[in-house]
Amino acid sequence: MFVIQNSSLSFLNRNTVLWLTLSSLKGISQVILIENTVTGFIILAAIMISSPYLGLITLLSVIIGTLIGKIGGADAESVNRGLFGYNSVLTGMALSLFLSGENRWFIALIGAAIVAFFSAAMIHVMKNTGLPILTFPFIILTWFLLLTTYRMVTFKLSPELIPQDLSHWTLNIKGETNWYNGSVKGIGQIFFLDNNLSGILLYIAVFWAGWKFGLYAIIGNAAALITSYFLGGEHSLIFMGLYGYNAILTIIAVSIVFKDNQRFALLVGIIAACLTVPITASIDTWLLPYGLPALTMPFVLCSWLVLGARKVLTSL
Amino acid sequence: MFVIQNSSLSFLNRNTVLWLTLSSLKGISQVILIENTVTGFIILAAIMISSPYLGLITLLSVIIGTLIGKIGGADAESVNRGLFGYNSVLTGMALSLFLSGENRWFIALIGAAIVAFFSAAMIHVMKNTGLPILTFPFIILTWFLLLTTYRMVTFKLSPELIPQDLSHWTLNIKGETNWYNGSVKGIGQIFFLDNNLSGILLYIAVFWAGWKFGLYAIIGNAAALITSYFLGGEHSLIFMGLYGYNAILTIIAVSIVFKDNQRFALLVGIIAACLTVPITASIDTWLLPYGLPALTMPFVLCSWLVLGARKVLTSL
Amino acid sequence: MFVIQNSSLSFLNRNTVLWLTLSSLKGISQVILIENTVTGFIILAAIMISSPYLGLITLLSVIIGTLIGKIGGADAESVNRGLFGYNSVLTGMALSLFLSGENRWFIALIGAAIVAFFSAAMIHVMKNTGLPILTFPFIILTWFLLLTTYRMVTFKLSPELIPQDLSHWTLNIKGETNWYNGSVKGIGQIFFLDNNLSGILLYIAVFWAGWKFGLYAIIGNAAALITSYFLGGEHSLIFMGLYGYNAILTIIAVSIVFKDNQRFALLVGIIAACLTVPITASIDTWLLPYGLPALTMPFVLCSWLVLGARKVLTSL
């Protein structure tokens, strides 16, 4: 009994708080595949500026995910690097935004906890493939929890998410052409943020982690912006950054983070960034009858495609 | 020639009949993750009471599945434990109930045979993950065969299964609040049975295999009943046991059958049982445009989630 | 610098052209799981007769896929056997046919390139299962790219593909009963060809590779024809060969190509061929709300089912 009290005290001591702070900030930065506490802090600030409520959810979510990894006894290095936090960050934020009702913060935090278990299960299942789990657990869990709203009174869906019949769908691409918005908002959409100041702060956060991260993010976003414009996507989506955020994540994953000695890594990353555009269009169509958002699924699919292909096409 | 005749004779001798009877009864009990001939027998009786026709389908289905495992040369211990029978039981029963038309018994038995092959394929594919296949083959095959009805005149769907457009769906949770029904019918729904006497017989069958099975079944069902009531599910579904049966299966899988030395197994089992409720709501929504029932998919997903996570979160 | 020029020159020399020709023709024949240059050549002729435009797309697609395998540094034997070409052939052809608009040849060739990477990724992911990837990459990529049409102006869907609401769907199986067409057109549908001359040429191509291939193709097609007729499928589909092509591919895969010493390989192949019929009906229903064609998914699912089951049911 004494020992347990002692350890539970030590659990709250200064070292633990410091560890939790650093791991959580890294967890936030891992959303964009970066492991850097300052980057995490600037991202948190960018979210807080946009909405203090959302910032609080972000912070609590990443703490929940990280603690589950720690208490659950996962590989210590993975927990310390924030790898149990980033799916919780995204799930907490997405559920806060796409649900409505007073109790949504509670569902969001429960979701942030469940997704940490889901991440652990995915890490186990994908171990043999050598591919990273990326944000797959967040996407699937969020889709599942959003669809419960049609069957449970307590869960309320945001009125923005409307299921539509594909046979009555007509495409209207008209809308404002604002290249400045398109350049800045893409990175914001990774964190569901739709204002330019947050976008600029996020670029600062990314550049802090290394000029290469920042530069590649700009290249990836530009590639997607141009591709989506020329393929004729909806302008309202393009210039809100909704065709850009998956491209940024993909180029960082493919050309920096999960690269080993490939000579054409930047070129392949740009091609993969362009490919996220039709994949986003396609996933939006698949989800139309359910009214769900594509989230970061295009990023996950395109990154798995390239990373998996590299194991066989070893010269690329 | 003589040898073959001899062996085909011995195939029909007393030992073979005994082996087939025991393995088949265990196959029936494996539907609720129990390996016990008496439990299997009581379950068969509970089905027979509800419908002798359905009881006969159950018996023939489990024999088909077990024989395919045996003749196919699968691992003898797995066959003897009934692991090639339970998916056939569920597939045979589900197809008999959700199809209509005179010939449905035949399609049901064909389905019971195919699912045994599907189980074998799944066992192979999932070997590396160390996760059990549970009732996944039954669910997927049943969904596939039910959807053939829209394209083939010979297959006729039960008029109860109606595809609906999510954009015209409105949730109406009103309905009778009958806690007694809710307590007893959950376990019956595992076998598609909707009468209280069968429910009570099934509880006896489960308690026969061990007080722990029975007690945990009651706890799991109660957890789901309360969760679904407070989350605001449809009363007509809750008190028919349709939010309970997946919870019973999940708590037995997570806290008893696939547990090794976890300290918090009961607590995790209860949480997983509660989680089946929103997952059921979500799967019902996914399937709405196709008019398909969720079957035991929530059980499979929640169990895989916990069992997979445990391989990484080793302290839980 | 000199070395690079030298190797790039040698890349265009006679040996390289010969290698590319042979590997590409084998790539075309691999669509029906055959590795034979003459078979590949006759198939290409059958496509050319039907449409020179489609023949050109076929040729360019298979060259693209094969070159990506070669330059990417994939296992040389796999590339030489045409295993990086067949998914490109099908993707290029399908996109040319199911898209409309002047630019569709360009999208088709881009698709043929992407699917080669997808094939590589699938080969990696499925390595541990010991199952072949078959035409899975082609199916998934084609479905994805066809659905982009609803969101991007540049991609235009063929007006034949119409999404329909399952709740308003009524089955009408009436239509011409033409057993000659049914016999010949099934094999043509593997290559999206709908004329009898091409069908007969394709049979010649298959028989050239071995009488067993040809005979089994006829048996598989007949099994599916009879099954679909007696199960009451739509006559317009049956006698266009749309229930037959998956059966032909499945029986060749199960009973010839991926067979090792199974005694009942032909019987199992016939059963698998029959099973493709309800699976086709089911996949058509799943895809109805999206207006997508089933492509060769029934073949992939039925073959995986049998090949996976054989790893566990070792006597069959």
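The values are calculated or read from the model by the stated rules, or taken from the named source; none is laboratory data. Since the model is a prediction, treat every value here as computed from it, not as a measurement. Here the Cβ positions follow ideal geometry from the backbone for every residue, glycine too, while neighbour counts run over all protein chains shown. Just the protein is used for accessible areas: all its heavy atoms, side chains included, with ligands, DNA and RNA removed. Shrake-Rupley method; radii C 1.70, N 1.55, O 1.52, S 1.80 Å.
Between A:LYS156, A:LYS174, A:LYS127, the distinction of being closer than 30 Å to A:GLY232 by Cα and basic (Lys, Arg) belongs to A:LYS174 only.
In the set C:LEU301, C:LEU275, C:LEU295, C:LEU267, only one residue is in contact with a Phe, Trp or Tyr (Cβ under 8 Å, 6 or more places away or on another chain) and assigned by TED's automatic domain parsing to the domain that holds C:LEU242; that residue is C:LEU295. Candidates in region C:128-154 are the residues that are facing another protein chain (nearest Cβ under 9 Å), not in a helix (DSSP H, G or I) and not basic (Lys, Arg); of these, the one that is nearest to C:PHE299 (Cα to Cα) is C:LEU131. Reported count of residues in region C:115-169, each being farther than 19 Å from A:LEU131 by Cα and basic (Lys, Arg), is 2. Scanning region B:73-91 for residues that are away from chain C (no Cβ under 12 Å) and closer than 14 Å to C:ALA309 by Cβ turns up B:ASN87, B:SER88. Look at (1) in contact with a Leu (Cβ under 9 Å, 6 or more places away or on another chain); (2) surrounded by fewer than 24 Cβ atoms within 10 Å (Cβ to Cβ); (3) of a type in the set (Gly, Ala, Ser) and you find that A:GLY244 fails only one, number (2).
Hey, does region B:293-305 have a residue that's aliphatic (A, V, I, L, M), at the interface with chain A (Cβ under 7 Å from one of its Cβ atoms) and farther than 20 Å from A:TYR150 by Cβ? The answer is yes, given that some residue of region B:293-305 is aliphatic (A, V, I, L, M), at the interface with chain A (Cβ under 7 Å from one of its Cβ atoms) and farther than 20 Å from A:TYR150 by Cβ. If only residues of region C:264-276 that are in contact (Cβ under 8 Å) with a residue 24 or more places away in the chain and surrounded by fewer than 24 Cβ atoms within 10 Å (Cβ to Cβ) are counted, the one that is farthest from the chain's Cα centre (by Cα) is C:PHE264.
Working carefully through the options B:PHE41, B:PHE106, B:PHE98, find the one that is touching a Leu at 6+ places or on another chain (Cβ under 6 Å), farther than 16 Å from B:ALA205 by Cα, open to solvent by 20 Å² or more (accessible area, probe 1.4 Å) and not basic (Lys, Arg). Reasoning before the result, please.
Working: B:PHE41 fails: farther than 16 Å from B:ALA205 by Cα; B:PHE106 fails: touching a Leu at 6+ places or on another chain (Cβ under 6 Å).
Selected residue: B:PHE98, the only one of B:PHE41, B:PHE106, B:PHE98 that is touching a Leu at 6+ places or on another chain (Cβ under 6 Å), farther than 16 Å from B:ALA205 by Cα, open to solvent by 20 Å² or more (accessible area, probe 1.4 Å) and not basic (Lys, Arg).
Could you check, for region C:190-197, whether at least one of its residues is under 20 Å from C:TYR290 (Cβ atoms), in the same structural domain as C:TYR290 (by TED's automatic domain parsing) and either in contact (Cβ under 8 Å) with a residue 12 or more places away in the chain or open to solvent by 10 Å² or more (accessible area, probe 1.4 Å) (or both)? Among the residues of region C:190-197, at least one is under 20 Å from C:TYR290 (Cβ atoms), in the same structural domain as C:TYR290 (by TED's automatic domain parsing) and either in contact (Cβ under 8 Å) with a residue 12 or more places away in the chain or open to solvent by 10 Å² or more (accessible area, probe 1.4 Å) (or both), which makes the answer yes. Among the conditions (1) in contact with a Leu (Cβ under 8 Å, 6 or more places away or on another chain); (2) surrounded by fewer than 24 Cβ atoms within 10 Å (Cβ to Cβ); (3) outside any loop (DSSP other than H, G, I, E, B); (4) among the aliphatic types (A, V, I, L, M), B:ALA294 misses just one, which is (3). Filtering region A:36-72 to residues that are more than 14 Å from chain B (Cβ to nearest Cβ) and of a type in the set (Ser, Thr, Tyr) leaves A:THR37, A:THR39, A:SER50, A:SER51, A:TYR53, A:THR58, A:SER61.
Conditions tested, residue by residue: (1) of a type in the set (A, V, I, L, M, F, W, C); (2) surrounded by fewer than 24 Cβ atoms within 10 Å (Cβ to Cβ); (3) more than 11 Å from chain C (Cβ to nearest Cβ).
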{"residue": "A:ALA224", "(1), (2), (3)": "yes, no, yes"}
{"residue": "A:GLU234", "(1), (2), (3)": "no, yes, no"}
{"residue": "A:ILE256", "(1), (2), (3)": "yes, yes, yes"}
{"residue": "A:PRO278", "(1), (2), (3)": "no, no, no"}
{"residue": "A:ALA309", "(1), (2), (3)": "yes, no, no"}
{"residue": "A:VAL312", "(1), (2), (3)": "yes, yes, no"}
{"residue": "A:LEU316", "(1), (2), (3)": "yes, yes, no"}
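Free of Cβ contacts under 8 Å to residues at least 40 places away in the same chain, assigned by TED's automatic domain parsing to the domain that holds B:PRO293 and either more than 20 Å from B:ARG104 (Cβ to Cβ) or surrounded by 23 or more Cβ atoms within 10 Å (Cβ to Cβ) (or both), is that true of B:TRP211? Let's see the steps before the verdict.
Values: free of Cβ contacts under 8 Å to residues at least 40 places away in the same chain: yes; assigned by TED's automatic domain parsing to the domain that holds B:PRO293: yes; either more than 20 Å from B:ARG104 (Cβ to Cβ) or surrounded by 23 or more Cβ atoms within 10 Å (Cβ to Cβ) (or both): yes.
Yes: the conditions hold for B:TRP211.
The helices (runs of 4 or more DSSP H) found entirely in region C:1-120 that carry 1 or more residues being free of Cβ contacts under 8 Å to residues at least 40 places away in the same chain and either over 30 Å from C:ASP194 (Cα atoms) or of a type in the set (A, V, I, L, M) (or both) are C:2-11, C:14-29, C:37-50, C:52-71, C:76-80. For region A:237-248, check the following and say yes or no: at least one residue is within 14 Å of chain C (Cβ to nearest Cβ) and more than 17 Å from the chain's Cα centre (by Cα). The answer is yes, given that some residue of region A:237-248 is within 14 Å of chain C (Cβ to nearest Cβ) and more than 17 Å from the chain's Cα centre (by Cα).
Of the residues making up region C:109-126, those that are open to solvent by 10 Å² or more (accessible area, probe 1.4 Å), more than 9 Å from chain A (Cβ to nearest Cβ) and closer than 17 Å to A:TRP304 by Cα number 2. Every condition in (1) in a loop (DSSP other than H, G, I, E, B); (2) open to solvent by less than 10 Å² (accessible area, probe 1.4 Å); (3) touching a Phe, Trp or Tyr at 6+ places or on another chain (Cβ under 8 Å) holds for A:ILE251 except the one numbered (1).
Give B:ILE251, B:ILE279 a once-over and let me know the one that is over 22 Å from A:GLY69 (Cα atoms) and touching a Gly at 6+ places or on another chain (Cβ under 7 Å).
Working: B:ILE279 fails: touching a Gly at 6+ places or on another chain (Cβ under 7 Å).
Matching residue, one of B:ILE251, B:ILE279: B:ILE251.
Got a sec? Which of A:ILE57, A:ILE110, A:ILE114 is among the β-branched types (Val, Ile, Thr), in contact with a Ser or Thr (Cβ under 6 Å, 6 or more places away or on another chain) and closer than 28 Å to A:VAL153 by Cβ? Give the steps one after another, and end with the answer.
Numbers: A:ILE110 fails: in contact with a Ser or Thr (Cβ under 6 Å, 6 or more places away or on another chain); A:ILE114 fails: in contact with a Ser or Thr (Cβ under 6 Å, 6 or more places away or on another chain).
So the residue among A:ILE57, A:ILE110, A:ILE114 that is among the β-branched types (Val, Ile, Thr), in contact with a Ser or Thr (Cβ under 6 Å, 6 or more places away or on another chain) and closer than 28 Å to A:VAL153 by Cβ is A:ILE57.
The residues of region C:282-305 that are out of contact with any Pro (no Cβ under 8 Å at 6 or more places or on another chain), more than 16 Å from C:THR135 (Cα to Cα) and in contact (Cβ under 8 Å) with a residue 24 or more places away in the chain, listed by number, are C:THR285, C:LEU292.
In region B:155-192, which residues are hydrophobic (A, V, I, L, M, F, W, C) and in a helix (DSSP H, G or I)? Steps first, answer last, please.
Of the residues in region B:155-192, the ones hydrophobic (A, V, I, L, M, F, W, C) are B:155, B:157, B:161-162, B:166, B:169, B:171, B:173, B:179, B:184, B:187, B:190-192.
B:LEU166, B:TRP179, B:VAL184, B:ILE187 - these are the residues of region B:155-192 that are hydrophobic (A, V, I, L, M, F, W, C) and in a helix (DSSP H, G or I).
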